[in-house]
Amino acid sequence: MYKYLLTALLAAGLTACGQTPLTRTLGDAFGWTTNIDGLKLNPNYAYLRVSTSERALLMVLGYDDTLPDGPVQTWYSQGGQVLQLRDGRIHATEGFPVDWSAVRYQDLPDWEEALRRPRTRFIRYRDEMPGYRVGVFDAATMRTIDPPTDERLSGIDPSQLRWLEETADTAVKGTPSARYVLSERDGRLSVVYGEQCLSARFCMAWQTWPAKP
């Protein structure tokens, strides 16, 4: 799979103000400390802005894959982090302080159905590292909400988009709920922003980049 990443990185042609060497630009563009919002990106590639409460990094789309549960996008950072998203939800991660893998769902509605219902219940299973916790089980409730004021959405007015909140019954008290931002593109709803706590101490957000409603 890494050959897709190498090809994308070498061809991406990222350029930052005042910097032209490709190797330096890539190092800056995918580092934790870069001002990602100021980078000029090659429009021929797809990017994802991933952030925590302290840092942000840029990831590039390595490839799309079709699995029995639906299409999965695999995103890579230069630092070795991997994020797989299935229809905008975390499918697997690698290289983060907490990683989820083998994420699977039961009774999960599609986004259009979730927006039509006041509340939706579903089950989520996953494996978790560190600690090698296998088959972690969550019962979750998803509902529509008004645009919040504490999101990490960058470059888009939150009020322009449709929001869903997802709360796990087994979440540690005080852990923020997951949230998803939906926008209609090419006649279908898609996730342009999501945020999820992988543990009580580690939360992350991801956004299609550059920002557009």
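So is residue 172 under 26 Å from residue 96 (Cα atoms) and modelled with pLDDT under 90 or not? Explain how you work it out, then say what you get.
Values: under 26 Å from residue 96 (Cα atoms): yes; modelled with pLDDT under 90: yes.
Taking the combined requirement at face value, the residue satisfies it.
So which residues in the stretch 136-146 are open to solvent by less than 90 Å² (accessible area, probe 1.4 Å) and under 24 Å from residue 116 (Cα atoms)?
If the condition is that a residue be open to solvent by less than 90 Å² (accessible area, probe 1.4 Å) and under 24 Å from residue 116 (Cα atoms), then 138, 139, 140, 141, 142, 143, 144, 145 are the ones that fit.
Out of everything in the stretch 166-213 that is of a type in the set (D, E, K, R) and over 15 Å from the mean Cα position of the chain (by Cα), what residue ends up being nearest to residue 129 (Cα to Cα)?
Residue satisfying both the conditions and the ranking: 201.
Which one of these is modelled with pLDDT under 85, open to solvent by 30 Å² or more (accessible area, probe 1.4 Å) and of a type in the set (D, E, K, R): 162, 185, 133? If you could, list the steps in order and put the result at the bottom.
On the way: 162 fails: modelled with pLDDT under 85; 133 fails: modelled with pLDDT under 85.
Only one candidate passes the filter, namely 185.
Is at least one residue of the stretch 20-38 open to solvent by less than 60 Å² (accessible area, probe 1.4 Å), farther than 23 Å from residue 153 by Cα, at pLDDT below 80 and assigned to a strand (DSSP E or B)?
No, that holds for no residue.
Is it the case that some residue within the stretch 110-129 is part of a loop (DSSP other than H, G, I, E, B) and open to solvent by less than 70 Å² (accessible area, probe 1.4 Å)? Break it down into steps so the answer makes sense when it comes.
Restricting attention to the stretch 110-129, the residues satisfying the condition of being part of a loop (DSSP other than H, G, I, E, B) are 110, 117-118.
Add one more test, that the residue is open to solvent by less than 70 Å² (accessible area, probe 1.4 Å), and what stays is none.
No, there is no match, as no residue in the stretch 110-129 is part of a loop (DSSP other than H, G, I, E, B) and open to solvent by less than 70 Å² (accessible area, probe 1.4 Å).
Would you point out the residue of the stretch 74-102, among those that are closer than 18 Å to residue 45 by Cα, at pLDDT 95 or above and not hydroxyl-bearing (Ser, Thr, Tyr), that is most open to solvent (accessible area, probe 1.4 Å)?
Looking at residues that are closer than 18 Å to residue 45 by Cα, at pLDDT 95 or above and not hydroxyl-bearing (Ser, Thr, Tyr), I get 84.
What is the number of the single condition among (1) open to solvent by 10 Å² or more (accessible area, probe 1.4 Å); (2) in a strand (DSSP E or B); (3) β-branched (Val, Ile, Thr) that residue 149 does not meet?
(2)
Checking the condition polar (S, T, N, Q), in contact (Cβ under 8 Å) with a residue 12 or more places away in the chain and more than 16 Å from residue 194 (Cα to Cα), which residue from 167, 120 passes? Steps first, answer last, please.
Details: 167 fails: more than 16 Å from residue 194 (Cα to Cα).
Of the residues listed, the single one that is polar (S, T, N, Q), in contact (Cβ under 8 Å) with a residue 12 or more places away in the chain and more than 16 Å from residue 194 (Cα to Cα) is 120.
Quick one: which strands (runs of 3 or more DSSP E) sit completely within the stretch 153-213 and have at least 3 residues that are out of contact with any helix residue (DSSP H, G or I) (no Cβ under 6 Å at 6 or more places or on another chain) and farther than 18 Å from residue 61 by Cβ?
On the way: elements: 162-168, 178-185, 188-197, 203-209.
The strands (runs of 3 or more DSSP E) meeting that bar are 162-168, 178-185, 188-197.
The values are calculated or read from the model by the stated rules, or taken from the named source; none is laboratory data. Just so we're clear, the structure is a prediction, and the values are computed from it rather than from any experiment. So basically every Cβ, Gly included, is an ideal-geometry build from the backbone, and we count neighbours across all protein chains shown. Only protein heavy atoms, including side chains, enter the accessible area calculation; ligands, DNA and RNA are left aside. Shrake-Rupley method; radii C 1.70, N 1.55, O 1.52, S 1.80 Å.
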